[in-house]
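First up is the structure itself, then whatever we jot down about it.
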Amino acid sequence: MKKRIYVFMVGALFLNFVFADNILAEKKKDLQMIQIDKNGFFVGVEAVLGDSYIIDSQKKVTFDLGVLGGYQRYFDIEQKHGIKGSVYLHSGFGNKFDMPAPKYGTSSVKAVPDSKTYIPLKFGFDVKYLWDFFQKGKQTLGLSVGLGYEADWFFDTTPVPATPASKYAKYTTPSTPNKNLFVQDIYPVIGIHYYYSHHQFELLSKFLQTNLSHVVNGPILIQSYLTFNYSYRF
C-alpha cells in the first residue's frame, strides 16, 4: 500500500513539473514573439512644420517633407525600454526672404530691397530612448527622448538681373550676391510614438533653431516646431 502511495506521489510530482515547464515555455514563447514583433528595421516618410524670418521682421511658415529609415531594439523581455536610431533626408519650401535695401545710392541710382529664395536640402540623424508605458494587443503608446544632428544646405535660386549699362540706370544690382549656405547643429528631441502592429507613428518636437548668419544684411532664423512621421517596421 505504501509503495503505491509513493509511486502515486512521484507520478504527481513528475506531472506537476511537466505542466509547469510547459506553462513557462509557453509564456517565454509569447514574450519572445512580442519581442520579435517590436524589434527591427523601418522605413517611412516625415513632415516638418516650422517658420523662418529675418530678425525683427515678419515670420513665414516653412514646410519640409522627406524620407527616413533606421533600426530600433528593445532590451527587456516585456519590451518597455528600448533605443531607436533614425536617418532622414528632407527638402521643402517657404525659404524666401525680403531683405532691406542697403544704405547706398544717389538721386539717379537707387538701391532696391533684396529678395532671396533658397531651396533647402537637410540631412540628419537622431538617437532616441523609448519608454512604452502602454501596451495592449497590437497597440503601443510611449515616450521618445533623445539627441539629433542636422546638416543643412541652402541653395540660392534667386534670379540675378543684368548690371545696369550706365550710371544713369534707375536701379542697382541686388544688394547681396547669390551664395549657397551651409549650417549644422545638434538638437534635443522629445515626443510620443504610437504603434499598431508594424505601423509606427511619431509626433516630435525638435528644439532646432538654424541661424543663417552668412547673409550680409542680417541673420535669418529658421525654427522647427512639429515633426510627424509614419514608418513601417519589418
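For the stretch 41-100, please list each of the strands (runs of 3 or more DSSP E) lying entirely inside it that holds at least 3 residues being free of Cβ contacts under 8 Å to residues at least 40 places away in the same chain and open to solvent by less than 40 Å² (accessible area, probe 1.4 Å). Outline the logic, then answer.
Numbers: elements: 60-74, 81-93, 96-99.
Here the list is empty.
Out of the residues in the stretch 163-218 that are assigned to a loop (DSSP other than H, G, I, E, B) and modelled with pLDDT of 90 or more, state the one that is most open to solvent (accessible area, probe 1.4 Å).
The first filter runs over the stretch 163-218 and keeps only residues assigned to a loop (DSSP other than H, G, I, E, B), leaving 163-170, 172-180, 197-198, 207, 213-218.
Adding the requirement that they be modelled with pLDDT of 90 or more leaves 197-198.
Details: Ser197: 30, His198: 56 Å².
This residue is His198.
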So which residues in the stretch 120-154 are closer than 26 Å to Gln184 by Cα and either in contact with a helix residue (DSSP H, G or I) (Cβ under 8 Å, 6 or more places away or on another chain) or at pLDDT below 90 (or both), if there are any at all? Phe154
Residue check for Asp37: open to solvent by less than 70 Å² (accessible area, probe 1.4 Å), within 19 Å of Ser231 (Cβ to Cβ) and either modelled with pLDDT under 90 or part of a helix (DSSP H, G or I) (or both): yes
Go through the stretch 123-154 and give me each residue that's surrounded by 13 or more Cβ atoms within 10 Å (Cβ to Cβ) and not in a strand (DSSP E or B). none
State which residue pairs qualify: first residue of a type in the set (Phe, Trp, Tyr) and inside the stretch 136-159, second residue outside any strand (DSSP E or B) in any location, beta carbons under 7 Å apart, and separation of 6 or more residues or different chains. Trp153/Asn180; Phe154/Asn95; Phe154/Asn180; Phe155/Asn180
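The values are calculated or read from the model by the stated rules, or taken from the named source; none is laboratory data. What you see is a predicted model, and the numbers here were worked out from it, not measured in a lab. We place every Cβ from the backbone using ideal geometry, glycine too, and count neighbours over all the protein chains shown. Quick note on the areas: whole protein, heavy atoms, side chains included, nothing else; ligands and nucleic acids left out. Shrake-Rupley method; radii C 1.70, N 1.55, O 1.52, S 1.80 Å.
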